[in-house]
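Below: one structure, written as structure tokens.
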Amino acid sequence: MAGSTRACAVIKAGARSAGGLWQRAAVRLRSRRSVRFSAGALVVLVALAVLGPFASRWHFDAIDWQHLAQAPGAVAGHWFGTDRLGRDLFVRTLTGLRLSLLVSVLATLTSLVIGVTYGAIAGFTGGRTDELMMRSVDVLYALPYLFIVIILTSLLPRGSLTVLFVALGAVGWLTTARIVRGQTLALKRRDFIEAARALGVAPPAILMRHVLPNLIGTVIVYATLTVPQMILFESFLSFLGLGVQEPRASLGNLIAVGAQEMSSAPWMLIAPAAVLVLLLLCLNFLGDNLSDALDPREH
Amino acid sequence: MRSTPVSTEAANEVLLELRGFGVEFITSAGLICAARDIDLTVRRGQCLGVVGESGAGKSQVFLGALGLLEANGRARGQARFAGQELLRLGSRELDALRGRHIGLIFQDPMTSLTPHLTIGAQLTEVRRRHLQESAPAARAAALALLEQVQVSDAARRLSQYPYELSGGLRQRAMVALALAAEPELLIADEPTTALDVTIQAQILALLATLKRARALALILITHDLGAVAGLAERICVLKAGRLVEEGTAEAVLLRPREPYTRALVAAAAAPAARSGAAPAAAAPAALAVQDLSVAFPVRGGLLRRRRRLQALSDVSFELPRGQSLALVGESGCGKSTLARAALQLLPPESGRVLWLGTSLADLSEGELRALRSDLQIIFQDPLASLDPRRTAGESIAEGLKVHARELDRGARELAVLEALEQVGLAPELAARYPHELSGGQCQRVGIARAMVLKPKLLVCDEPLSALDLSTQAEIVALLERLAAHDHLTLLFISHNLGLVRRLCQNVLVLYLGRMMEAGAAEALFAAPRHPYTRELLAAIPSTDPRLQPGRLLGVRAGEPASALDPPSGCVYRTRCPHAIALCAAQRPPWEPAGQAQELACHRWRELPPSAP
């Protein structure tokens, strides 16, 4: 009886300090003003991307024939001004932000799922399998990605978002797989993995219970750094005309159009570019700090 | 700057004097006092041993006196070197003093030598900087220095890089570097901790010789009482930043006054041989290893050629149920490989491992995994052997999840609590993560993780070498209790022969993956027949300051040969003082010697009986 009450106490104590590393990381993150600022800004940006377009009475492809290429503040209702076709830039920037975020987060998730699975299996299995899996990654790496993207765009309907996902994911998971494999190789040599083998834990269970949880820190940090990369890559593809097509907006094609009008209508460049810069700064900042906060040696 | 006033007339003049000395660190948690109220004196030609456990502030005191503290550290009090107040000197004056008048040796020679410079370049740099010597003169002096620290083949070593040297040679090079500018005072901070016991003895013997030859003042900072017993005239004991005892070596080591010192001395003293019945030879073997060989492929050299590293060749032994066998030898001799191969954690190249008559290699993976609850292991590094993301309780429960599926969550928790109690840990610790536990606590968790499965065979791979002295004593007591209580069969790997004598009934001595000598511990320690066993036993430092200096005089030079390119015939012959032509030509047979010993040596019959 006494034993079981003690057991309960222990279970409760365990629940209290569960995820000790993560709790500490959160405390450390919260204690930094710059982190609080960028996290706050990120929340505001996401909220704007989701809800912002509803605040304006304009639709992203609605044309205001009376007000073509108006600067911000010139006309009531067009807070960021309008473009050459008289479309509201506030709504276009925010729907562009929404699309960029969606594409980049989905592409990051895809590349993480594929990359972590692939890398962890290759690293943990080792030997021939590892050689074979990683050499095929090398081969894919060696193909110029623009070449792949151009082929994909010619195969799939133009402007389809699927092309973007596939293109971004195809590029992203290669790096993830390499990083994860390297980490797995390092983990595999650690004593606690050998201890698990000595306990008689089956290899798949070791992978799930001991390898993957210890990869999470690396993976999360890598993900926060991948999202901005994906946004930039999407912008680049759209800029080249391979990604999101008119009339739909993404930060990339807004900037592409804005760049052409830079001298006559600078606000068309400034609005989407400012949002992109702010978003990238926030994400990079969070990623860097998260990597510090999750490093046990920093405690 | 060579103007520091150092007179040389008085033989035992005071060289370094600390008065009311303390070291503090300013941290986010406030002011931390690493040492306080330290008074000590070092005279020319004398050795002061500074003893204490890790965290006692031993190193910080001297780093503080030399102005080498971290940026947030601060030294206070008085520190006079040759009449000069060190704490008032600027960084330039200190630079001129360090190296020139005070030499430093650190624990790990690999990290204290600059990796991209040759040994010669590093030695000549010191000569040229501090003594303003010309390049050829500095080079000649560097060669002389290496010869003085007994580096073999000194001329070739000058053009080698630190990574090309073995650990022992590296530490010798480090000593040469510290002495390069002919300092009056040498501070050695744990100079032997990272080394094998035989190399330890060699380095200590070297320091003793140098001290005599150069009338050098020596400060030996260590946790190893055996190290100071052979060298130090005076010893001071530090605990939690305070000087708890100070006196002559004999007074401190033989008649310690403070309870803390007494505990340290008791923990270090060579323990009595294990009491208990002598092994009954007829008992059936629980674990039998037959002609086991393990080889690793190694890539090396410019062409990255594949080479074979024969880690273990033709090792056989039988271990009866409930008995203990110690695997003994220097690092790289294959003891850990043998333990892992015996547990099938490494694939053997040839040979068999039988557990209760069943060959482990014949089992399917599933059958082997099921059997693993009987065969458990405790690792050397207690922190590294625990998953950093699992609490102590989860780690202990893991084996139960595999081997006792019938247990529900509550029953598992209870078993974990029992295991914690068995190893002397409070139940609250189950919820802690490994990094929140001390080294000793982590090792207890590791033991609990093994013991919760009620194993029949327990392999201990150097379970103490990462722990402090007093913690070691606790863990030994725990292992002794568990082994006696549960009738465990114990395979114990250690380079600490004192410990082996206390814990094990049988000993197997390995060198370069081959068996050298085996037998009952009592017989083997009383009358070692193989020259290698004798060398190992001679290297164990005694904590008796009346005996240890004499023992250091008898230390022989020599390092393990490369396992990639083992010597022909008897692998030990390159170090053996008794080697003859036959030893190079023929591998010695494994033969019985006396009642309870077996060995592989051509010449054991002709050797004089040893005096242990």
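The values are calculated or read from the model by the stated rules, or taken from the named source; none is laboratory data. Predicted model, so just to flag it, every value in this text is computed and none were measured. Using ideal geometry, Cβ is built from the backbone for each residue, glycine included, and neighbour counts are taken over all protein chains shown. Keep in mind that these areas ignore ligands, DNA and RNA; they rest on the heavy atoms of the full protein, side chains included. Shrake-Rupley method; radii C 1.70, N 1.55, O 1.52, S 1.80 Å.
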Mean separation of Cα contacts under 8 Å, 6 or more apart, over the residue count of region B:1-129: relative contact order %
25
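Measuring with a 1.4 Å probe in the full set of protein chains, what accessible area per residue, in whole Å², belongs to region A:2-298?
Details: 14390 Å² over 297 residues.
Heavy-atom accessible area per residue stands at 48 Å².
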Using modelled amide H (1.01 Å from N, peptide plane; none on Pro or chain starts), what sits under 5 Å from the amide H of residue B:219, excluding residues fewer than 5 places away?
B:48, B:186, B:187, B:188
Below 8 Å, C-alpha to C-alpha, sequence gap of six or more: please give me the relative contact order for chain B in percent.
14
For residues of A:201-214, the mean tally of beta carbons on other chains within 10 Å:
3
Starting from the Cα gyration tensor of region B:135-222, take the square roots of the eigenvalues, sort them a ≥ b ≥ c, and report rounded, prolate or oblate (rounded when a/c is under 1.5, otherwise prolate if a/b is larger than b/c, else oblate).
oblate
Counting sequence-distant residues (5 or more places) and residues on other chains, those with an amide H built under 5 Å from that of residue A:84 are A:69
By accessible area of protein heavy atoms, probe 1.4 Å, what ranking do B:196, A:61 get, highest first?
A:61, B:196
For the residue pair residue A:46 and residue B:582, what label-to-label distance in nm results when each label sits 7 Å from Cα along the Cα-to-beta-carbon direction?
8.1
Note, ³J(HN,Hα) from phi for region B:407-420, Karplus 6.51, -1.76, 1.60, rounded to Hz, x at Gly and Pro
6, 8, 4, x, 5, 5, 4, 4, 5, 4, 4, 4, 5, 4
Longest principal axis of chain A (C-alpha) makes with the long axis of helix A:33-55 (C-alpha) an angle, in degrees to the nearest 10, of 50
Have a look at region B:380-410 and report residues whose accessible surface goes down by 30 Å² or more when the remaining protein chains are included, against the chain on its own, probe 1.4 Å, ligands and DNA/RNA excluded.
B:384, B:387, B:388, B:389, B:390, B:398, B:402
Can you compute 3J(HN,Hα) from phi for each residue in region B:129-138, using the Karplus curve 6.51 cos²θ - 1.76 cosθ + 1.60 with θ = phi - 60°, rounded to whole Hz and x for Gly and Pro?
6, 8, 10, 6, 7, 6, 4, x, 5, 5
Calculate the FRET efficiency for residue B:349 and residue B:435 from the Cβ-Cβ distance with a Förster distance of 41 Å, rounded to the nearest 0.05.
0.60
Residues of region A:227-261 with the amide nitrogen closer than 18 Å to a label point 7 Å from the Cα of residue A:154, along Cα-to-Cβ, please.
A:240-243
Heavy-atom accessible area of residue B:248 with all protein chains present, probe 1.4 Å, nearest 10 Å²?
60
To the nearest Å, what is the center-to-center distance of region B:440-506 and region B:7-62, using C-alpha atoms only?
36
Can you give me the distance in nm between label points at residue B:193 and residue B:164, each placed 7 Å from the Cα along the Cα-to-Cβ direction?
3.0
Just grab the label-to-label distance for residue B:258 and residue B:454, each label 7 Å out from Cα along the Cβ direction, in nm (one decimal).
4.7
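Kindly provide the helix-only [θ] at 222 nm of chain B, computed as the sum of -39,500 (n - 2.57) over DSSP H runs of four or more divided by all residues, to the nearest 500 deg cm²/dmol?
Details: 22 runs with 207 residues, N = 612.
Result for chain B: -9500 deg cm²/dmol, rounded to the nearest 500.
For residue B:296 and residue B:361 in the same chain, what is the full-extension length gain: residue separation times 0.36 nm, less their Cα-Cα distance, in nm?
Working: separation 65, 0.36 × 65 = 23.40 nm, distance 1.83 nm.
Stretched fully, the residue B:296-residue B:361 segment lengthens by 21.6 nm.
Between residue A:246 and residue A:189, what's the calculated FRET efficiency when r is the beta-carbon distance and R0 is 41 Å? Round to 0.05.
Details: r = 53 Å, r/R0 = 1.30.
Rounded to the nearest 0.05, the efficiency is 0.15.
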How many Å² of accessible area per residue for chain B, probe 1.4 Å?
42
Amide H contacts under 5 Å for residue B:312, placed H, 5+ residues apart
B:294
At 1.4 Å probe size, put B:355, A:58 in order of accessible surface, largest to smallest.
A:58, B:355
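For the protein assembly as shown, take the alpha-carbon Rg, divide it by the Kirkwood Rh, and send me Rg/Rh. Before the final figure, lay out the partial values.
Working: Rg = 33.9 Å, Rh = 32.4 Å.
Rg/Rh: 1.05.
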Where the accessible area of the protein assembly as shown is counted over protein heavy atoms with a 1.4 Å probe, how much of it, in %, is carbon and sulfur?
58
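Residues with beta-carbon under 11 Å from that of residue A:87, excluding residue A:87: net charge, scoring Lys, Arg +1 and Asp, Glu -1? Could the numbers behind the result be given before it?
Working: positive: A:84, A:92; negative: A:61, A:64, A:83, A:88, A:246.
With Lys, Arg at +1 and Asp, Glu at -1, the net is -3.
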Given a Förster distance of 45 angstrom, what is the FRET efficiency for residue A:132 paired with residue A:232, based on the Cβ-Cβ distance and rounded to 0.05?
0.90
Count the net charge of all other residues whose Cβ sits under 12 Å from the Cβ of residue B:264, scoring Lys and Arg as +1 and Asp and Glu as -1.
-3
Could you state how much accessible area is buried at the A-B interface, both sides summed, with a 1.4 Å probe, in Å² to the nearest 100?
2900
Mean separation of Cα contacts under 8 Å (6+ apart) over length of region A:2-298, as relative contact order %
24
Whole-Hz ³J(HN,Hα) from phi, Karplus 6.51 cos²θ - 1.76 cosθ + 1.60, for region B:157-167, glycine and proline x
4, 4, 9, 9, 9, x, 5, 7, 9, 6, x
